[in-house]
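Working notes, beginning with the structure itself.
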Amino acid sequence: MSQQVHPDFPRRLRALRTARNMTQRELARGSLSVSYISLLESGRRSPKPEVLRELAATLGCSVAELAGDADAEATRPAALTLSYGHLAIEAGDPTEAERQFTAVLTTDPPDPVTRSEAQLGLARALAEQGRLTEAAAQYESLLRDNPDGPAFVASLGMVISWIRCLYELGELQRVVEVGMGTLERVDRLGAWESEDAVRLLATVAAAHSELGDLRQAERLLREGMKRAERIGSPRARAALLWNASQVACEQGSYREALELAGEALAFFRQDRDRRSAARLLTAYGCILLSHSPPRLDEARTTFERALRELTEIGGGIDRGYVLTELSRTLLLQGDATAAADTARRSLTELGGQAHLERARAQTALAAALAATDQVEQSREMFAEAARTLAGLHASRQAARAWAELGDMLADTGDPVGAVEAFRQATAAVALGRSLPQTVQPARRAG
């Protein structure tokens, strides 16, 4: 008969084993099979009472701790609770991760290193839940007192995480301000020869692209490529290629965009970075969708594949990006009802704080509503999205939203409204030549 254990038992077993630097074979100790340990850690088997006692003895913990007795949590070492939190993040359970990291911070005051690790984990858990404002505040608090020196250089990863939250919140100008300020400090310290420094540069370039400053984005990407080559970092180069593909797509150079994105995608697949690969698949699909003419079947297959991957490993915001573009694809394929449903799913996944992508999802829903003759709802949603984008200074995106509204109003017999919408588009940004058919997301690199 199997022992009644907490649903979190598989993660607890793995955390205890890894905290003691034990392999599955060492935990099995010959009396159990390695495959059985693997099944326990994957949650596909529950242990019998005698097995639970044997595992606890080998791991040097109580049966209650291993089985998941809540009373045992109070006496658990902070380092082990941190391990549980990190494993919860890996398993795609940010709510449980938040609970574990908060437990570290609210029990006996931990040492400064443990406290910082718990705060960093909490920030990541909040971001994974879409609570971007709280996550950004947590990252900013961690970084506020770092002096110029080795500690600051080591914190570049936190800076990247912080400005990614700001990016999703739509605070693009602050991304540029914080990012460029950090890069200046990096250069002043002579510490730019690091992978994180180049990745930070790539993220700032993405923000410039989103703000419509493609010239500055290209300049930063060229500089970043030189630095990536000097330090010999394939990952940094892949991040830069990712963003360079977005700039090329904005400029209508679709073949170049696909080649750049394909090269970056090959690296992330080889590196077994499933999340970055899935997010880059989304960007690749966007290029196919923006292609002239749109390569709809390929784009849909790409988005559906990315969505499957992110359903296993990604957060809601990542899935929201995919669903927005899948909605546009479905609409171009003539299925307006499915397009509207998919856009609504995107808004649900994105939550209330990813303002930049929510505005894009709203434009996708507005277009689908127009195609199903829900003109008034469509008009309101287009206008709301355009105002949001303009408020975020995403001028190119705002212009596209106003232009889509103008097209819709012209098609439905409202020439006065159409003229006003096109006037708003022109005010948002000088359109120059015709805009791409889709609102192309200049997604920050992974």
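The values are calculated or read from the model by the stated rules, or taken from the named source; none is laboratory data. Worth saying up front: this structure is predicted, and the values here are computed from it rather than measured. FYI the Cβ positions are ideal-geometry reconstructions off the backbone, even for glycines, and counts take in every protein chain you see.
Here are the numbers for this structure:
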| item | result |
| --- | --- |
| Selection within region 226-251 - farther than 19 Å from Gly157 by Cα and assigned to a helix (DSSP H, G or I) | Lys226, Glu229, Arg230, Leu241, Ala244, Ser245, Gln246, Val247, Ala248, Cys249, Glu250 |
| Criterion violated by Gln251 - all others in (1) farther than 30 Å from Arg131 by Cβ; (2) at pLDDT below 90; (3) buried (at least 24 other Cβ atoms within 10 Å of the Cβ) satisfied | (3) |
| Tally of residues being assigned to a helix (DSSP H, G or I), modelled with pLDDT under 80 and either surrounded by fewer than 18 Cβ atoms within 10 Å (Cβ to Cβ) or not charged (D, E, K, R) (or both) across region 50-77 | 9 |
| Residue match in region 290-308 (condition: at pLDDT below 90 and either buried (at least 20 other Cβ atoms within 10 Å of the Cβ) or assigned to a helix (DSSP H, G or I) (or both)) | yes |
| Any pair with Cβ under 6 angstrom, 6 or more apart, that starts in region 172-185 at a residue that is part of a helix (DSSP H, G or I) and ends at one that is surrounded by 17 or more Cβ atoms within 10 Å (Cβ to Cβ) and among the hydroxyl-bearing types (Ser, Thr, Tyr) | Val175/Tyr167 |
| Lone unmet requirement of (1) touching a residue at least 40 places away in the same chain (Cβ under 8 Å); (2) touching a Ser or Thr at 6+ places or on another chain (Cβ under 9 Å); (3) of a type outside the set (Lys, Arg) for Ser209 | (2) |
| Check on Leu16, buried (at least 20 other Cβ atoms within 10 Å of the Cβ) and modelled with pLDDT of 85 or more | no |
| Condition met for Val113 (at pLDDT below 90, over 30 Å from Thr311 (Cβ atoms) and assigned to a helix (DSSP H, G or I)) | yes |
| Residues located in region 232-261, provided they are among the polar types (S, T, N, Q) and under 21 Å from His208 (Cβ atoms) | Asn243, Ser245, Gln246, Gln251, Ser253 |
| Answer from Ala239, Ala228, Ala206 - the residue that is aliphatic (A, V, I, L, M) and more than 21 Å from the chain's Cα centre (by Cα) | Ala228 |
| Boolean, Phe267 is over 18 Å from Ala339 (Cα atoms) and touching a helix residue (DSSP H, G or I) at 6+ places or on another chain (Cβ under 8 Å) | yes |
| Residue in region 366-382 that is of a type in the set (Gly, Ala, Ser), part of a helix (DSSP H, G or I), in contact (Cβ under 8 Å) with a residue 24 or more places away in the chain and farther than 20 Å from Thr329 by Cα present | no |
| Sole exception among (1) under 30 Å from Gly190 (Cα atoms); (2) touching a Ser or Thr at 6+ places or on another chain (Cβ under 8 Å); (3) of a type outside the set (Val, Ile, Thr) for Arg230, by number | (2) |
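This table checks each residue for (1) modelled with pLDDT of 90 or more; (2) crowded, with 21+ Cβ neighbours inside 10 Å.
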{"position": "Gly232", "(1), (2)": "yes, no"}
{"position": "Ala238", "(1), (2)": "yes, yes"}
{"position": "Glu256", "(1), (2)": "yes, no"}
{"position": "Arg272", "(1), (2)": "no, no"}
